[in-house]
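Contents: one structure, followed by commentary.
The values are calculated or read from the model by the stated rules, or taken from the named source; none is laboratory data. Please read these numbers as outputs of a predicted model, since none were measured by experiment. Please note: Cβ atoms are built from the backbone with ideal geometry, for glycine as well, and neighbour counts cover all protein chains shown. Surface areas here come from the heavy atoms of the whole protein model, side chains and all, with no ligands, DNA or RNA. Shrake-Rupley method; radii C 1.70, N 1.55, O 1.52, S 1.80 Å.
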Amino acid sequence: MRPGDLLGMSLGNYGRARLRSGLTTAGVAIGTALVVLLIALATGAEDNVRRSIFSIGDLRLVTVQPFQPGANGLSAVPRTITDDTVAKLKDVAHVDGVYRQFDAPLGMVVEGGDDATIRPQGIEPGAPVDRGDLLAGRHLEAGDRAVAVIPGNIARLVAPNAGAAIGRTVTMRIGGAVKLGSTRIGGSGTPRDYAVKIVGVFDEQASQTSFRIPLDDALLAGAENRGLTPDAIRETTGYSGLAVEADDSINVADIVRAVQELGFSSFSLKQVVEQIDQGFGVFKGILAGIGGVALLVAAIGIANTMIMSVLERTREIGIMKAVGASPRDIRALFLAEAAYVGVFGGILGLALGLAGGQIIDRIIRQLNPRTNPAAIFVVGPDLALGALALALGVALLAGFLPARRAMRMSALSALRYE
C-alpha cells in the first residue's frame, strides 16, 4: 500500500470512534500541557535568577581574596597579596587584566551638618568596580590624586542632584570613631582629614558607602593611619583584594585554579551560574518527571484504545491481508493511528500549556502591580518541539504492541473471528 493510502485510512479510522479517540487525545494533551507548563515556569525562574546575577557583575571576573584557598568564616587563614602576586597572575594564560584594590579604614564625610559613614576604596583606573554605573561625571583616570567617585546618596548631601555635585570639594575624614546606623563605634588610629574633589557619581544601588578613590591615595591614608609608609603597607598588610579579568568566561575555571595554586581564595560569578544551572537542571528533570507521569497514564489509555481497535477490526484485518496487504502495511496502519493521537494531543497540549502559562504570568503581575518583572513563563523553540516530539514518541511507543499484535494475526483466524 502507498503511504498516502495508509495515512488516509488511519485518519478515517481515527475519526470513526470520535469519543474514544477524543478522550485518548485529551489524555495526551493534558500530559503535554503539564510538561510544558512546569518546565517553562522552571526556565523562567532560572532566567530571572541568572539575570539578577548578571546585573551584579561580569562573568569574566575572578575576585582574589587574601585568604587561603577554600577558607571561610573563623577558619580563614590570612594571606598577603603583594605586587609579586599581581605579577604572577598577569602571566597566567587568558588573563586580560589584574586590578588591585586597597580598602582604607572606615571614615566619614561631613557636609551641611550631616555625617555619612564611608568605606574609602582605593582602586586603579579601569577597574571593573568602576565601570558603567555613572549618574554623572567620569570614572577615575590615570594620574588622578585627591579625587573621588561617590554614591548618589552622598552626592545629595553635597548638592541638590548628582550633576551639581561634580567639581565640589569635600572633606574625607579617615580613622577615629564612625557611626554605623544608630551605633557609634571606635575606629582605628587618629582621624585625619583629606580634601577630595568629586569627579563622578555612581548609582547608590551598587553601594551606599563606597568612596572610590585612587589606589595611591588609599594606601597613603592607610599608612598614615597606622604610622607606616605606603611601601610598608604593600609588603606587610598587602592589598585588600584583586580583580582578575579573563579574556572569555569559558577560561574562568582555569584562572580560578591558578589563583588557588598560588595559595589564595577566589570567587567568580561564573561558578555561581554553573551551580545554579546544575541545580535547575535537576529541578527541571523532577518537574518533567511529574509531567511524564501524566503522559504515562495517557500512554496506557492509547494502548487500551489501540488494543480495542485491533479486536473490533479483526475481520477487517483478515480481509486486508487476504487482498494482499503485507504485515508491514498492517503495522504501519495502526502506528499511524497512534501517531495521530500523539500529534493532535501534542498540539493541543502545547496550546493549553501556553495559555495556562500566560494566565499565571498575568495573575502574578496583577499581584505585584508596582514591579515589572521579566517573563516568568518561557517557552523556547526547543521546549515546544521537544514537547511535540515527546507526545508523538509516547503515542508510538504505546501503539507499538497493539500494532505488532495486528501484524502477526493470521489472516485465516482473523476471517473466522466473530
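General remarks:
- Flag if residue 293 is more than 29 Å from residue 120 (Cβ to Cβ), at pLDDT below 85 and open to solvent by 70 Å² or more (accessible area, probe 1.4 Å): yes
- Test for residue 331: is it at pLDDT below 80, open to solvent by less than 60 Å² (accessible area, probe 1.4 Å) and not aromatic (Phe, Trp, Tyr): no
- Scanning segment 225-246 for residues that are part of a loop (DSSP other than H, G, I, E, B) and modelled with pLDDT of 90 or more yields a count of 4.
- Considering only residues in segment 130-164 that are within 33 Å of the chain's Cα centre (by Cα) and closer than 19 Å to residue 216 by Cα, the one that is surrounded by the most Cβ atoms within 10 Å (Cβ to Cβ) turns out to be 150.
- Residue in segment 182-208 that is farthest from residue 134 (Cα to Cα), counting only those that are at pLDDT 85 or above and surrounded by fewer than 19 Cβ atoms within 10 Å (Cβ to Cβ): 192
- Top-ranked residue in segment 247-276 [being of a type outside the set (A, V, I, L, M, F, W, C) and not in a helix (DSSP H, G or I); ranked as nearest to residue 94 (Cα to Cα)]: 247
- Pairs meeting the criteria (first residue in segment 242-260 and surrounded by fewer than 18 Cβ atoms within 10 Å (Cβ to Cβ), second residue assigned to a helix (DSSP H, G or I), beta carbons under 7 Å, at least 6 apart or on different chains) are 249/270.
- Here segment 365-379 is the region considered, the condition is being surrounded by 11 or more Cβ atoms within 10 Å (Cβ to Cβ) and under 23 Å from residue 281 (Cα atoms), and the residue that is modelled with the lowest pLDDT is 373.
- Candidate set: segment 215-225, residues that are closer than 17 Å to residue 193 by Cβ and touching a residue at least 24 places away in the same chain (Cβ under 8 Å); chosen: the one surrounded by the most Cβ atoms within 10 Å (Cβ to Cβ): 218
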